[in-house]
Each structure stands twice: as structure tokens, then as C-alpha cells.
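Undergrad: Before we start, here is the structure in question, set down as C-alpha cells.
The values are calculated or read from the model by the stated rules, or taken from the named source; none is laboratory data. Keep in mind the model is a prediction, meaning the values are calculated, not measured. Because the Cβ atoms are built from the backbone with ideal geometry, glycine has one as well, and the counts that use them run over all protein chains shown. With ligands, DNA and RNA removed, areas are computed over all heavy atoms of the protein, side chains included. Shrake-Rupley method; radii C 1.70, N 1.55, O 1.52, S 1.80 Å.
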Amino acid sequence: MARTTRIETNTPEETYALGMEIGKKSKSGQVYSLIGDLGVGKTVFTQGVAAGLGVEGPVNSPTFTILQVYEEGRLPFYHFDVYRISDVEEMDEIGYEDCFYGEGVSLIEWANLVPEILPEHHTEVRIEKDLQKGFDYRRISITEY
Ligand code: ADP
Ligand code: MG
């Protein structure tokens with residue numbers, strides 16, 4: 001049975017802090033799938049996760065590469081952004097399996113574009129706006145599969 005936890009944030013800093021908490025608790029081999037529209041805060045959340053893992057350098061969405069690897073934290077951190085992927089085979093070419101099933105922590109922005117390769121056990125983080133609650137309001141639903 002999947003369990004969902006819902007959190008509300010009202011600033012980018014709060015979303016970053018939530019990511020950081022999760023990064024601190026992340027375990028070897030954990031996979032996070034991030035789902036949400038453009039500009040909703042997936043990268044802000046990811047930057048928090050990276051910081052929580054002890055990655056010190058800047059973490060941005062890779063524009064021309066699907067995968068960015070950070071080795072300097074507590075565990076290797078594999079940051080995927082599959083927004084521009086045209087075929088899921090590109091993930092094979094990158095060697096995603098070594099990341100998902102390796103020692104590090106993987107996080108995939110736009111994971112809904114590659115549902116077929118997500119491991120059975122992963123953590124989904126869905127971020128949504130609700131403009132009626134304000135421009136900076138975000139509802140973040142975390143589900144363990
Ligand atoms: P994505 O990666 O989902 O496309 P980004 O993380 O790059 O989105 O950008 C999110 C934008 O929304 C940033 O400009 C950030 O400052 C802004 N923002 C406003 N409120 C929030 C919030 N509560 N949580 C996260 N980001 C927020
Ligand atoms: Mg992004």
C-alpha cells in the first residue's frame with residue numbers, strides 16, 4: 001500500500017528546507033521521482049536534497065545533459081532532468097541502471113515522462129501550485145512506492 005504525506009510550503013526556502021531534510025535522511029539506492037509543471041519548484045527541491053547530502057557546489061537543471069553526477073556528498077547524487085528526452089532509450093545510453101541500482105541517491109525531474117523505467121520501490125514527490133492560495137503556495141505530496 002502506498003502512503004502519501006502532504007506538505008504545504010509558501011516560499012522557495014521552505015521547499016528547499018524540505019528537500020534538505022529528505023537529503024539528510026536519504027539512503028543508499030533510494031530513487032526519487034519528481035513530478036510537477038515547469039517552474040513549480042522541482043529544481044529548488046533538488047537543490048535542497050543535494051545540500052542535505054552534503055553536496056556543496058551549485059546544482060542546476062542540466063540544460064543539455066540529462067544527467068549530472070555529484071560525488072562529493074555523503075553518497076553519490078545522480079540528478080536527472082528528462083524534460084528534453086525524446087526516447088526512453090536515451091536513458092539506457094546514459095547508463096541509468098548503474099545509478100538507480102547503485103550505491104547512490106537518484107532523483108529524476110519530470111519522471112512522469114519515463115514511467116516504464118522507474119524501480120518498483122521509489123519515492124514520488126509531486127509538487128503542485130494552487131493559485132487561489134497565493135503565487136508562492138505549493139502542495140507537495142510524497143508517496144512511497
Ligand atoms: P522547476 O524545476 O519545477 O521547473 P524551479 O525550481 O526551477 O522549477 O523554479 C521554481 C520557481 O518558483 C523559482 O523561481 C522559485 O523561486 C519559485 N517559487 C515560489 N514559491 C515557491 C515555493 N513555495 N517552492 C518552490 N519554489 C517556489
Ligand atoms: Mg527544473
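Undergrad: Somewhere in the stretch 123-144, is a residue touching a Phe, Trp or Tyr at 6+ places or on another chain (Cβ under 7 Å), part of a loop (DSSP other than H, G, I, E, B) and modelled with pLDDT under 95?
TA: no
Undergrad: How about the stretch 84-100: which of its residues are surrounded by 13 or more Cβ atoms within 10 Å (Cβ to Cβ), over 13 Å from the mean Cα position of the chain (by Cα) and either hydrophobic (A, V, I, L, M, F, W, C) or not in a loop (DSSP other than H, G, I, E, B) (or both)?
TA: 85, 88, 90, 91, 94, 96, 99
Undergrad: Additional query: I'd like the full set of residues that are away from ligand 2 (no atom under 16 Å from the Cβ), in contact with a strand residue (DSSP E or B) (Cβ under 7 Å, 6 or more places away or on another chain) and within 17 Å of residue 56 (Cα to Cα), limited to the stretch 19-46.
TA: 26 - this is the single residue of the stretch 19-46 that is away from ligand 2 (no atom under 16 Å from the Cβ), in contact with a strand residue (DSSP E or B) (Cβ under 7 Å, 6 or more places away or on another chain) and within 17 Å of residue 56 (Cα to Cα).
Undergrad: Of (1) within 14 Å of ligand 2 (Cβ to nearest atom); (2) more than 18 Å from residue 126 (Cβ to Cβ); (3) crowded, with 19+ Cβ neighbours inside 10 Å, residue 78 satisfies all except one. Which?
TA: The one condition residue 78 does not meet is (1).
Undergrad: Open to solvent by 30 Å² or more (accessible area, probe 1.4 Å), away from ligand 1 (no atom under 16 Å from the Cβ), touching an Asp or Glu at 6+ places or on another chain (Cβ under 7 Å) and in a loop (DSSP other than H, G, I, E, B): which single residue out of 103, 56, 120 fits that description? Give the steps one after another, and end with the answer.
TA: Working: 103 fails: touching an Asp or Glu at 6+ places or on another chain (Cβ under 7 Å); 120 fails: touching an Asp or Glu at 6+ places or on another chain (Cβ under 7 Å).
Just one listed residue meets the conditions, 56.
Residue by residue, here is whether (1) within 15 Å of ligand 2 (Cβ to nearest atom); (2) under 14 Å from the mean Cα position of the chain (by Cα); (3) charged (D, E, K, R) holds:
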| site | (1), (2), (3) |
| --- | --- |
| 50 | yes, yes, no |
| 58 | yes, no, no |
| 103 | no, no, yes |
| 123 | no, yes, no |
